[in-house]
Each structure stands twice: as structure tokens, then as C-alpha cells.
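I have placed the structure first, in the form of C-alpha cells, so that the comments after it can refer back to it.
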Amino acid sequence: MTNLAHYGDGQKLSDRWPTWPPQDDQAEENAIAVLRSGRWAISETSTGSKPWEQRFAEDFAAYHDVPYCVPCSSGTSAITIALEALGLTRGAEVLVPGITWVACASAVAGAGLVPVLVDIDPRTLCMSVDAAEAALTPSTEAILAVHYGCNTVDIDGFLSLCQRRGLALIEDCAQAHGAEYRNKKVGTFGDIGVFSMQASKVLTAGEGGAAITCDERLYELMAQYRADGRLYARNPSAGQPQLRQVGDVQGRNLCMSEIQAAILTARLPKLDAENQRRRATARLLDRMLDRMQSVATVPAERHMTKRTYYRYCIRLAKPPLCGIEDFAAALGRELGINCEVLHQPLNACRLYNPLGSPQKYDPEILARLNPTQYSLPNAEKAWTEIVTIPQYLLLTSDYAALETVPLSIDQALYASQTVDSQAAR
Ligand SMILES: *Cc1c(COP(=O)(O)O)cnc(C)c1O
């Protein structure tokens with residue numbers, strides 16, 4: 001059997017895909033400018049010029065057409081300061097989707113709250129509004145709606161639910177930078193939008209995060225929660241502290257470094273064009289896969305007017321006999337790129353183990369954290385039948401290489417059946 005990793009003119013497929021993070025001359029230039037500037041962090045003295053962190057905050061807020069942005073050290077930090085600024089009651093319940101990165105649940109638990117795991121809409125792979133409504137109790141105070149994989153949640157549905165029930169809405173856009181719903185950017189519908197700029201994300205500085213809002217009070221609280229209670233000083237001259245002490249609340253240091261902010265300032269202007277390129281490639285892939293019996297594509301949420309891709313999701317008609325993880329590995333070998341399964345459903349996720357650190361939680365809250373109490377049938381089923389291709393493959397302009405994707409899927413399916421029949425013998 002031919003391995004498609006050596007397809008065509010002999011050049012390995014793995015050498016034909018784009019690399020990530022990308023080479024970016026402007027990002028390099030900006031990072032070097034920081035290194036030479038004498039100011040590596042906003043928590044030190046001013047050099048007289050505007051910090052990169054503030055520049056990025058202004059650019060990222062303007063990109064979303066909102067007044068406020070608080071950059072921070074990670075997506076996890078962004079979720080944390082958002083929850084803190086909302087002033088939720090200790091022990092209150094926050095709805096979290098059953099399939100997402102572990103940080104969504106662990107950050108909620110880490111903020112003294114109880115993540116309630118909610119099943120997904122099997123079509124879109126995002127949290128179901130109906131399941132969310134069914135999960136509400138008198139203790140529910142907020143929803144962490146995650147725009148997952150290559151989709152958005154049903155934002156209309158969640159806005160209406162939150163308005164009717166008096167809940168706060170945080171949109172987790174760590175996988176959806178630049179996506180639009182009804183021609184408006186995600187992250188701007190809820191009270192707060194949170195983002196991660198970790199290395200796998202479509203806008204990255206290696207690590208990093210940000211929270212955006214239209215609410216001045218939430219902004220001032222989030223800014224203090226991320227900088228030990230400090231806010232920007234107004235026009236400090238060179239040598240004076242960049243931050244002034246306010247201390248309305250108990251913060252800690254979750255600040256983004258100047259190097260990260262300088263890289264993001266260079267990368268942000270390219271986000272739309274890169275998302276556009278991914279969208280065009282995804283459209284070609286959709287067309288190729290729609291001709292296959294063995295797989296289906298994941299449809300966009302109804303009102304998603306600009307689709308973005310963090311992971312391109314492929315649904316197998318039948319869960320492969322070898323199991324989805326081995327199938328993803330086989331597809332990855334065929335394609336010469338790392339193909340992943342969805343995140344493990346959080347009721348059975350190795351990394352979500354609050355009971356493994358009982359010392360971190362109030363005893364009465366700990367008793368409510370056991371993830372295995374939740375039933376998530378749609379999440380569990382989706383996990384067994386979906387394989388994903390990373391976003392940077394979609395940046396390719398090598399269409400001959402792209403055409404190997406259906407062949408690679410067939411080869412991986414064939415290999416998975418072979419594996420099973422060997423095991424059965
Ligand atoms: C990556 C991610 C996060 C966490 O971001 P970090 O920067 O790794 O802390 C949160 N939510 C979602 C949906 C993510 O994909």
C-alpha cells in the first residue's frame with residue numbers, strides 16, 4: 001500500500017504544508033524593538049512611549065468595534081478575570097460545554113465556582129441551548145459559551161436565555177478569532193468575550209490572552225484583577241511607573257509581556273486575510289468530502305456569517321473499528337500533519353480532575369465538582385466519530401497536496417479495517 005506522505009513528485013507531503021507559528025518579519029522586528037527598548041513589562045517604568053500592551057489592547061478592541069480590551073497572560077487568565085469581574089457568588093454554577101479544552105472547566109472551578117457540564121448540539125458540536133436551559137438551577141449565575149472548532153454557538157438562543165433568566169454571558173472565542181455571527185464579531189454579544197493567543201490558535205504570541213467588553217466597570221475590574229490592582233497611569237513621563245495603584249479589588253499578576261504584545265500587534269492585521277485563506281481552502285475541502293460516502297462535513301451554525309476554522313472537523317459515517325484516536329494517528333501519518341480528535345468530553349477527561357487536588361477547593365464546593373456525575377451522550381458520540389485537521393493546513397495554496405486529503409481518509413479507513421481484522425484473527 002502506498003503511503004501518501006510520499007505523494008506526487010517525491011516531495012514529502014509533510015514538507016508541503018505551511019508551518020505554524022508562521023514566519024513574520026514584522027513580528028520579529030517588533031519583538032527586537034521591545035528587547036532593545038528597556039521596557040519588557042507594563043509593570044515597570046514608562047519609557048515615554050505607549051506600551052505595546054496598550055497598543056495591542058486598542059487595536060484588538062478596535063478590531064472588534066468595542067471600547068475595551070484587557071490583554072493578559074493566557075486564555076485561562078482571561079476566563080478567570082472575566083469571572084472575577086462579574087462578581088459571581090462563591091459556589092455559584094456556571095454552565096460549560098461538555099466538549100471543550102479543559103481550561104474552560106478548570107478556570108471556573110479555580111475561581112471558586114461550580115462548572116456544570118452541558119451537552120452539545122450534535123450538528124454544530126457547540127453547547128446546546130436546550131440542554132443549557134434544562135441544566136439551570138437557582139444557583140446558576142453565568143454561561144461560558146464556547147465557539148468551538150469551526151463553529152459558533154447559537155448566540156441568539158443564548159442571549160435570549162441569559163436575558164430571560166438574568167444570567168451573565170461570557171463568550172469563549174479562543175477557537176474563533178474573527179468569526180462573525182449576523183455580521184458582527186463573536187466576543188461582542190455577551191458581557192465579556194475571552195480569547196487565547198496560545199501557539200495553536202489562529203492569532204498567537206506563543207502564550208497570551210485577552211478579554212473584551214463594552215462595559216467600562218467590567219473593564220476596570222478586569223484590568224485590576226490582572227495587574228495586582230493597578231490601572232494605567234495617565235500619560236506618565238519617562239521614568240515614572242506605567243501603572244497607578246487603585247486596589248478596588250484583590251488582583252494578582254496575569255499580565256501579558258511587552259514581547260507578546262509586540263508580536264500580536266504585528267500579527268493582528270493579518271488575521272482577516274489568513275482566516276479568508278482558510279475559509280477558501282475549507283470550501284474546497286468541503287466539496288471534496290461531500291462527494292464521499294464515508295465522511296461528512298460539520299455544517300456552520302445558521303447565522304454564522306463569517307466562518308473561521310481552528311480545527312477543520314471531519315465526521316466519519318461510522319466510528320472506525322480501530323477507535324478514533326488510532327484513526328486520527330493513521331490519517332496524520334498519511335497526510336504528514338498532526339491530526340487530532342476532539343477534546344475528551346469533560347465528564348471523562350483525563351486532564352479535568354478537580355478531585356485530584358482537594359486542597360484547592362472549599363470542601364462544600366469540592367463535593368459538587370465530580371465531573372462523572374454528568375451525562376453527555378451527544379458529546380461522547382461526537383468524540384468517537386470526529387477527526388480534525390489543524391488550522392494551518394488550511395493556509396496552503398498547494399492544491400495538489402490538498403487533493404490527497406480524500407485519498408488519505410480512504411487509506412486511513414482501509415488501514416483501520418486491516419488493523420481490526422488482524423486483531424480479530
Ligand atoms: C485554548 C483554549 C483555552 C485556554 O487558553 P490558554 O491560553 O491555553 O489558557 C480556553 N478555551 C478554549 C476553547 C481554548 O481552545
*Regarding segment 23-65, what are the three Cα extents along the principal axes, ordered largest first, in Å?*
32, 28, 14
_Linear extension gain, residue 59 paired with residue 183, 0.36 nm per residue minus alpha-carbon span_ = 42.7 nm
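Which three numbers, in whole Å and largest first, are the semi-axes of the equivalent ellipsoid of segment 302-408 derived from its Cα gyration tensor as √(5λ)? Could the numbers behind the result be given before it?
On the way: eigenvalues 233, 53, 39 Å².
Ellipsoid semi-axes (Å, largest first): 34, 16, 14.
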*Using 15 Å as the cut-off for backbone N distance, which residues of segment 373-402 belong to the label zone defined by a point 7 Å from the Cα of residue 348 along Cα→Cβ?*
373-386
_Residues of segment 351-371 with amide N under 20 Å of a point placed 7 Å along Cα→Cβ from residue 165_ = 368-371
*Between residue 359 and residue 417, with labels modelled 7 Å along Cα→Cβ, what's the label distance in nm to one decimal, could you check?*
5.4 nm
_Rounded Å value of the spacing that divides the Cα centres of segment 142-176 and segment 305-361_ = 22 Å
*Rg over Rh [alpha-carbon atoms, Kirkwood Rh] for the chain*: 0.99
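Let's test the formula: R0 of 25 Å, r as the Cβ-Cβ distance of residue 384 and residue 287. What FRET efficiency results, to the nearest 0.05? Before the final figure, lay out each step's value.
Numbers: r = 26 Å, r/R0 = 1.03.
Approximately 0.45, to the nearest 0.05.
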*Mind telling me which of 182, 278, 311 comes out most flexible in a GNM of the chain, alpha-carbon contacts under 10 Å?*
182
_Of 185, 306, 360, the one that fluctuates the most in a GNM where the chain has Cα springs shorter than 10 Å_ = 360
_Over the chain, what is the relative contact order in percent, taking alpha-carbon pairs closer than 8 angstrom and at least six residues apart?_
22 percent
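If each DSSP helix of 4+ residues adds -39,500 (n - 2.57) and the sum is divided by the residues in the chain, what number results at 222 nm, nearest 500 deg cm²/dmol?
On the way: 14 runs with 154 residues, N = 425.
-11000 deg cm²/dmol, from helical runs alone.
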*Alpha carbon centre of segment 77-105 versus segment 191-248: separation in Å?*
18 Å
*Would you mind working out the magnitude of the charge dipole of segment 297-425 relative to its Cα centre, with +1 at each Lys and Arg C-beta and -1 at each Asp and Glu C-beta, to the nearest 20 Debye?*
280 debye
*Can you give the angle from 0 to 90° between the axis of helix 271-290 and the longest principal axis of the chain, with both taken from C-alpha atoms, to the nearest 10?*
20 degrees
_Pairs from 306/381; 201/270; 50/270 whose Cα-Cα separation, in the structure shown, is over 19 Å_ = 306/381; 50/270
*Under a GNM of the chain (C-alpha, springs under 10 Å), which listed residue has the highest mean-square fluctuation: 249, 129, 108?*
249
_Starting from the 7 Å offset along Cα-to-Cβ, what nm value, one decimal, do you get for the label separation of residue 231 and residue 14?_
5.2 nm
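How high is the relative contact order of segment 179-312, given as a whole-number percent (alpha carbon pairs under 8 Å, six or more residues apart)?
On the way: 163 pairs, mean separation 34.6, N = 134.
It comes to 26 percent, rounded to a whole number.
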*In what sequence do 35, 86 fall when counting other Cβ within 10 Å, fewest first?*
35, 86
*At q = 0.21, 0.26 Å⁻¹, what log₁₀ I(q)/I(0) does a Debye calculation on the Cα points of segment 168-220 give, no solvent, two decimals?*
-0.74, -0.99
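Assuming 0.36 nm per residue, please report the length gained on full extension of the stretch residue 90 to residue 23 beyond their Cα-Cα distance. Provide the component values of the computation, followed by the final result.
Working: separation 67, 0.36 × 67 = 24.12 nm, distance 4.43 nm.
The residue 90-residue 23 span can extend by a further 19.7 nm.
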*Gain in span if fully extended, residue 217 to residue 403, counting 0.36 nm per residue against the direct Cα distance*: 61.9 nm
*Would you work out which of 232, 221, 249 lies farthest towards the positive end of the dipole of segment 193-253? Charges go on Cβ: Lys and Arg +1, Asp and Glu -1.*
232
*Read phi for every residue in segment 381-393 and hand back ³J(HN,Hα) as whole Hz from Karplus 6.51 cos²θ - 1.76 cosθ + 1.60, θ = phi - 60°, with x for Gly and Pro.*
5, 4, 4, 7, 10, 10, 10, 10, 10, x, 4, 6, 4
*asked:* With angles folded into 0 to 90 degrees, how steeply does helix 155-165 sit against the dominant principal axis of the chain? Use alpha carbons for both and round to 10.
replied: 50 degrees
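Segment 80-183: percent of C-alpha pairs farther apart than 19 Å? Could the numbers behind the result be given before it?
Working: 1941 of 5356 pairs.
Tail of the P(r) past 19 Å holds 36 percent of the pairs.
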*Can you tell me the 0 to 90 degree angle between the C-alpha axis of helix 216-226 and the longest principal axis of the chain, rounded to 10?*
80 degrees
*Placing +1 at every Lys and Arg Cβ and -1 at every Asp and Glu Cβ, with all other atoms neutral, what dipole size does the chain have around its Cα centre, in debye to the nearest 20?*
200 debye
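Computed from the coordinates by the stated procedures, all read-outs in this text should not be read as laboratory data. Computed from a prediction, not measured in an experiment: that's the story for all the values here. No Cβ is skipped: glycine too gets one built from the backbone with ideal geometry, and neighbour counts run over all protein chains shown.
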